[in-house]
Amino acid sequence: MRKIIFFHGADCPHCKHMMPIVENIEKEIKMKIEKREVWYDDDNADMMRKYEDIIRKGSPDGDMGVPAFVDIKNKEALIGEQTKEDLKAWLMGK
């Protein structure tokens, strides 16, 4: 089973837009996505930095930005605001 972490910032407009999409997809495909706020939680920010190589590789411009979806098992990341369809396809491995 894949383990996905959604790194987000509390005041990030893109993250705020993604949150209901993530929650909706979780219900649809019955997959739990771990959510970690990184702007105000130093422990979560430290955790995000542990996956820096994966996140930078998945980022179109090599940045460590949010929203960031990290697949721990497959060592893949999807960075930035996504459509529901694109995120769902990535989560399902399509």
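Since every read-out is calculated from the coordinates, none of them should be taken as a lab result. Worth saying up front: this structure is predicted, and the values here are computed from it rather than measured.
For this structure, a couple of remarks:
- The range 12-54: mean projected area of Cα convex hull, nm²: 3.6 nm²
- Alpha-carbon geometry of the chain: the Rg and the Dmax are 12.1, 33 Å, given in that order.
- Relative contact order for the range 4-91, counting Cα pairs under 8 Å that sit 6 or more residues apart, in percent: 35 percent
- Rounded to the nearest 5, the antiparallel percentage of DSSP beta bridges internal to the range 4-91 is 60%.
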